[in-house]
1. Would it be correct to say that Glu143 is of a type in the set (D, E, K, R), assigned to a strand (DSSP E or B) and touching a residue at least 60 places away in the same chain (Cβ under 8 Å)?
2. Given Ser109, Ser113, which one is among the hydroxyl-bearing types (Ser, Thr, Tyr), in contact (Cβ under 8 Å) with a residue 24 or more places away in the chain, surrounded by fewer than 17 Cβ atoms within 10 Å (Cβ to Cβ) and not in a strand (DSSP E or B)?
3. Here are the criteria: (1) under 20 Å from Leu154 (Cβ atoms); (2) modelled with pLDDT of 95 or more. Tell me which single one Gly129 does not satisfy.
4. Scan the stretch 11-42 for residues that are part of a helix (DSSP H, G or I) and among the acidic types (Asp, Glu) and jot them down.
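The values are calculated or read from the model by the stated rules, or taken from the named source; none is laboratory data. Everything numeric here is computed off the predicted structure, so don't read it as measured data. Here the Cβ positions follow ideal geometry from the backbone for every residue, glycine too, while neighbour counts run over all protein chains shown.
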Amino acid sequence: MFLIGSLVNATAQTAIPEAIAAPGETAVLTLHAEGAQVYECKTGADGTLAWAFREPIATLLSDGKTVGRHYAGPNWEYSDGSAVVGQVVGTAPGAVAMDIPWLKLAVASRRGSGVLGPVTTVQRINTVGGKLNGACYKAGTYESVPYSADYVFLRKG
(Lines give C-alpha, C1' and ligand atoms only; values in the text may rest on other atoms or scores of the structure.)
Protein backbone atom coordinates (compact mmCIF):
# COMPACT_ATOMS: atom_id res chain seq x y z
CA MET A 1 0.00 0.00 0.00
CA PHE A 2 1.40 3.39 -0.95
CA LEU A 3 0.25 6.57 0.73
CA ILE A 4 0.57 9.78 -1.16
CA GLY A 5 0.35 12.74 1.17
CA SER A 6 -1.49 15.89 0.21
CA LEU A 7 1.88 17.63 -0.06
CA VAL A 8 2.86 15.59 -3.12
CA ASN A 9 0.83 17.87 -5.41
CA ALA A 10 2.41 20.98 -3.93
CA THR A 11 5.84 19.36 -4.11
CA ALA A 12 5.38 18.42 -7.76
CA GLN A 13 5.38 22.14 -8.54
CA THR A 14 8.69 22.67 -6.72
CA ALA A 15 11.58 22.77 -9.18
CA ILE A 16 14.05 20.09 -8.05
CA PRO A 17 17.71 21.05 -8.67
CA GLU A 18 19.61 18.60 -10.86
CA ALA A 19 22.06 17.84 -8.02
CA ILE A 20 19.28 16.18 -5.99
CA ALA A 21 17.02 14.90 -8.79
CA ALA A 22 15.99 11.24 -8.74
CA PRO A 23 15.10 10.38 -12.35
CA GLY A 24 13.15 7.16 -12.77
CA GLU A 25 11.99 7.16 -9.14
CA THR A 26 8.39 7.55 -7.97
CA ALA A 27 7.19 9.41 -4.87
CA VAL A 28 5.78 7.06 -2.23
CA LEU A 29 5.06 9.73 0.37
CA THR A 30 5.82 13.38 1.12
CA LEU A 31 5.91 14.57 4.72
CA HIS A 32 6.44 17.99 6.27
CA ALA A 33 8.98 18.27 9.12
CA GLU A 34 9.05 20.83 11.92
CA GLY A 35 11.93 20.73 14.36
CA ALA A 36 15.49 21.82 15.01
CA GLN A 37 19.00 21.28 13.74
CA VAL A 38 21.28 20.73 16.75
CA TYR A 39 24.89 21.95 16.73
CA GLU A 40 27.76 21.32 19.16
CA CYS A 41 30.68 23.64 19.87
CA LYS A 42 33.86 21.65 19.18
CA THR A 43 37.58 22.29 19.09
CA GLY A 44 38.94 21.85 15.57
CA ALA A 45 42.27 20.33 14.53
CA ASP A 46 43.70 23.86 14.44
CA GLY A 47 42.63 24.47 18.06
CA THR A 48 39.84 26.94 17.25
CA LEU A 49 36.27 26.51 18.40
CA ALA A 50 33.54 26.08 15.78
CA TRP A 51 29.95 24.87 15.56
CA ALA A 52 29.61 21.32 14.19
CA PHE A 53 26.30 19.80 13.09
CA ARG A 54 25.22 17.13 15.59
CA GLU A 55 21.71 15.92 14.70
CA PRO A 56 18.22 16.78 13.52
CA ILE A 57 15.23 16.49 15.84
CA ALA A 58 11.91 16.86 14.02
CA THR A 59 8.29 15.80 13.96
CA LEU A 60 7.01 14.42 10.65
CA LEU A 61 3.55 15.67 9.72
CA SER A 62 0.88 14.75 7.17
CA ASP A 63 -2.18 16.99 6.89
CA GLY A 64 -1.15 18.59 10.20
CA LYS A 65 -1.12 15.25 12.06
CA THR A 66 2.02 13.74 13.61
CA VAL A 67 2.92 10.58 11.67
CA GLY A 68 6.56 10.06 12.57
CA ARG A 69 9.89 11.49 13.62
CA HIS A 70 13.26 12.39 12.14
CA TYR A 71 16.44 12.07 14.21
CA ALA A 72 20.18 11.30 14.19
CA GLY A 73 21.38 8.82 11.62
CA PRO A 74 19.69 10.45 9.75
CA ASN A 75 16.64 8.30 10.49
CA TRP A 76 13.03 8.76 9.41
CA GLU A 77 10.55 6.67 11.36
CA TYR A 78 6.90 6.35 10.32
CA SER A 79 4.03 5.61 12.74
CA ASP A 80 3.58 2.09 11.25
CA GLY A 81 7.04 1.14 12.58
CA SER A 82 8.84 1.31 9.25
CA ALA A 83 12.02 3.39 9.11
CA VAL A 84 14.90 4.26 6.82
CA VAL A 85 18.42 5.58 7.38
CA GLY A 86 19.89 7.82 4.68
CA GLN A 87 23.32 8.75 3.40
CA VAL A 88 23.84 12.09 1.60
CA VAL A 89 24.60 11.68 -2.12
CA GLY A 90 23.67 15.16 -3.39
CA THR A 91 23.20 18.73 -2.13
CA ALA A 92 21.75 21.99 -3.42
CA PRO A 93 21.63 25.36 -1.63
CA GLY A 94 18.56 26.46 0.29
CA ALA A 95 16.56 29.48 -0.93
CA VAL A 96 18.33 31.97 1.38
CA ALA A 97 21.59 31.98 3.37
CA MET A 98 19.97 30.86 6.65
CA ASP A 99 18.27 27.81 5.08
CA ILE A 100 19.97 24.42 5.38
CA PRO A 101 20.71 22.82 1.99
CA TRP A 102 18.33 20.65 0.02
CA LEU A 103 19.55 17.05 0.03
CA LYS A 104 19.33 13.78 -1.84
CA LEU A 105 19.95 10.77 0.42
CA ALA A 106 20.30 7.16 -0.64
CA VAL A 107 18.66 4.70 1.75
CA ALA A 108 21.50 2.83 3.47
CA SER A 109 19.32 0.63 5.68
CA ARG A 110 15.67 0.05 6.57
CA ARG A 111 13.51 -1.61 9.23
CA GLY A 112 9.92 -2.77 9.19
CA SER A 113 7.65 -3.52 6.27
CA GLY A 114 5.37 -0.49 6.37
CA VAL A 115 5.07 2.51 4.07
CA LEU A 116 8.81 3.30 4.17
CA GLY A 117 9.75 -0.31 3.33
CA PRO A 118 10.22 0.17 -0.45
CA VAL A 119 11.87 3.61 -0.17
CA THR A 120 15.27 3.88 -1.93
CA THR A 121 15.82 7.67 -1.90
CA VAL A 122 14.86 10.60 0.34
CA GLN A 123 14.88 14.22 -0.83
CA ARG A 124 14.91 17.16 1.62
CA ILE A 125 13.36 20.17 -0.12
CA ASN A 126 11.69 23.50 0.72
CA THR A 127 13.97 24.07 3.70
CA VAL A 128 13.42 27.08 5.95
CA GLY A 129 15.97 28.00 8.62
CA GLY A 130 18.22 25.52 10.42
CA LYS A 131 21.61 27.14 9.76
CA LEU A 132 23.73 28.37 12.65
CA ASN A 133 26.10 31.27 12.17
CA GLY A 134 28.38 32.96 14.64
CA ALA A 135 31.14 31.98 17.01
CA CYS A 136 31.01 29.45 19.79
CA TYR A 137 32.90 30.10 23.00
CA LYS A 138 32.85 26.89 25.06
CA ALA A 139 33.49 23.36 23.79
CA GLY A 140 30.66 20.99 24.64
CA THR A 141 27.88 23.57 24.46
CA TYR A 142 24.86 23.03 22.19
CA GLU A 143 22.61 25.26 20.14
CA SER A 144 19.32 24.31 18.46
CA VAL A 145 18.14 26.19 15.38
CA PRO A 146 14.48 25.84 14.32
CA TYR A 147 13.86 24.55 10.79
CA SER A 148 11.18 23.12 8.57
CA ALA A 149 11.45 21.06 5.39
CA ASP A 150 9.55 18.68 3.19
CA TYR A 151 10.85 15.12 2.85
CA VAL A 152 9.96 13.24 -0.32
CA PHE A 153 10.29 9.45 0.00
CA LEU A 154 10.91 7.77 -3.38
CA ARG A 155 11.21 4.26 -4.74
CA LYS A 156 12.81 2.97 -7.93
CA GLY A 157 10.48 2.04 -10.79
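1. Yes: the conditions hold for Glu143.
2. From the options Ser109, Ser113, the qualifying one is Ser113.
3. Unmet for Gly129, out of (1) under 20 Å from Leu154 (Cβ atoms); (2) modelled with pLDDT of 95 or more: (1).
4. Glu18
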